[in-house]
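*Asks:* Please find one structure pasted underneath; my questions will follow.
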Amino acid sequence: MIADALQRIDGLLVERNAPSGPLCTYRVGGPLGVLVRVESVDALAAALAILAETDVATLPIGKGSNLLVADAGFDGVAIVLGEAFTDVVIEGTIVKAGSAASLPVVARATVNAGLTGFAWAVGVPGSIGGAVRMNAGGHGSDMAANLVSVDIANLETGVVSTRGADSLDLGYRSSSLTRSELVVSATLQLTEGDSEAGTLELKEIVSWRREHQPGGANAGSVFTNPPNDSAGRLIDAAGLKGLRIGSAEVSTKHANFIQVDADGSANDVMTLMGEVVRRVEKHAGVHLHAETRLVGFTNALVEEVRGPADHAEGKS
């Protein structure tokens with residue numbers, strides 16, 4: 001059994017049927033068949049060699065700030081990179097950050113080093129790896145603006161390679177990275193700036209986020225903005241603030257956020273997403289597209305909230 005093989009590797013912490021909720025900012029979700037926490041580069045290499053010999057489904061997890069796992073769970077191997085992958089190395093205007101490095105931590109480190117171009121990330125509660133995967137962004141910028149290259153581990157072949165940013169098809173909250181490709185680190189090209197001005201920008205971004213976005217158990221913006229419009233505005237205009245299904249509710253503070261009760265249900269979140277999509281389309285004729293990574297749901301449910309070009313993760 002793959003869990004037994006992985007458990008024999010030093011530097012791997014392996015848990016069977018681990019709850020996904022504590023790994024996601026929604027704080028809900030079903031069990032993960034096998035959860036592997038990788039504590040060293042050597043352990044990652046050894047794990048890759050084992051995974052490459054199997055056809056088991058894999059799921060890289062960063063900070064879980066854009067992830068929803070169905071209540072039924074994920075019957076595969078979920079991988080979380082540990083402290084060994086949080087290093088941030090700055091040389092001149094080049095920044096190399098480990099996949100598990102927190103975006104706010106990297107943002108503050110770059111400002112402290114007198115660099116500009118990454119302050120926007122201070123308000124995004126994700127990891128570098130997750131940010132590359134979805135081309136995260138905010139406040140007029142995104143990862144694509146400064147990303148030079150990434151080191152990627154292919155969980156199917158066991159090969160680690162360096163790829164240029166131009167090979168990732170980075171678009172609005174999207175990339176061509178597949179579920180079997182694990183970001184190990186990312187290299188950014190920033191520009192020289194003023195530390196005092198950068199510190200002020202950080203404070204302004206944090207203040208803006210606290211004023212305009214809700215806290216609690218959520219995963220940030222649920223739907224991407226349609227061209228020349230705002231998903232939050234469309235949801236609000238359809239009268240959906242406060243709409244509740246079971247344990248999930250459209251935020252009354254920001255309509256493009258969904259919040260979940262303690263001990264709530266991931267399936268309630270998914271059902272609410274679908275209801276928002278249907279009602280906005282009926283009200284405004286616009287089909288919203290969820291940017292959330294949806295794992296363990298059927299293809300039909302995922303297509304309903306993301307569109308036919310996407311597919312469910314962890315379901316055939």
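*Asks:* Quick check: Cα centre of segment 237-288 to Cα centre of segment 218-236, how many Å?
*Replies:* Here the answer is 11 Å between Cα centres.
*Asks:* A further question follows. How large is ³J(HN,Hα), in whole Hz, for each residue of segment 203-209 in order, when computed from phi with the Karplus curve 6.51 cos²θ - 1.76 cosθ + 1.60 and θ = phi - 60°, using x for Gly and Pro?
*Replies:* Here the 3J(HN,Hα) series is 4, 5, 5, 4, 5, 4, 4 Hz.
*Asks:* Have a look at LEU35, LEU243, LEU12 and tell me which one the Gaussian network model of the chain (Cα, springs below 10 Å) gives the largest fluctuation.
*Replies:* LEU243
*Asks:* How big is Rg to Rh over the chain, alpha-carbon atoms, Rh as the Kirkwood inverse-mean-distance radius?
*Replies:* Radius of gyration relative to Kirkwood radius: 0.96.
*Asks:* Which residue fluctuates the most in the chain, going by a Gaussian network model with Cα springs under 10 Å, if the choices are PRO19, PRO226, PRO125?
*Replies:* PRO226
*Asks:* Please report the spacing between the Cα centers of segment 147-211 and segment 106-139 in Å, no decimals.
*Replies:* If we compute the Cα centre of each part, the gap is 7 Å.
*Asks:* At 222 nm, what value in deg cm²/dmol follows for the chain if DSSP H runs of at least 4 each add -39500 (n - 2.57) and the sum is divided by all its residues, to the nearest 500?
*Replies:* -8000 deg cm²/dmol
*Asks:* Hey, if you put +1 on the Cβ of every Lys and Arg and -1 on every Asp and Glu Cβ in segment 86-211, which of ALA121, THR191, VAL89 ends up farthest toward the positive end of that dipole?
*Replies:* Ranked along the dipole, the leading option is ALA121.
*Asks:* Each residue of segment 59-72 in order: what ³J(HN,Hα) in whole Hz does its phi give by Karplus 6.51 cos²θ - 1.76 cosθ + 1.60, θ = phi - 60°, with x for Gly and Pro?
*Replies:* 9, x, 10, x, 7, x, 7, 9, 9, 9, 9, 4, 4, 6
Just so you know, all these numbers are worked out from the coordinates, no wet-lab data involved. All figures in this text were calculated on a predicted structure; none of them were measured in a lab. No Cβ is skipped: glycine too gets one built from the backbone with ideal geometry, and neighbour counts run over all protein chains shown.
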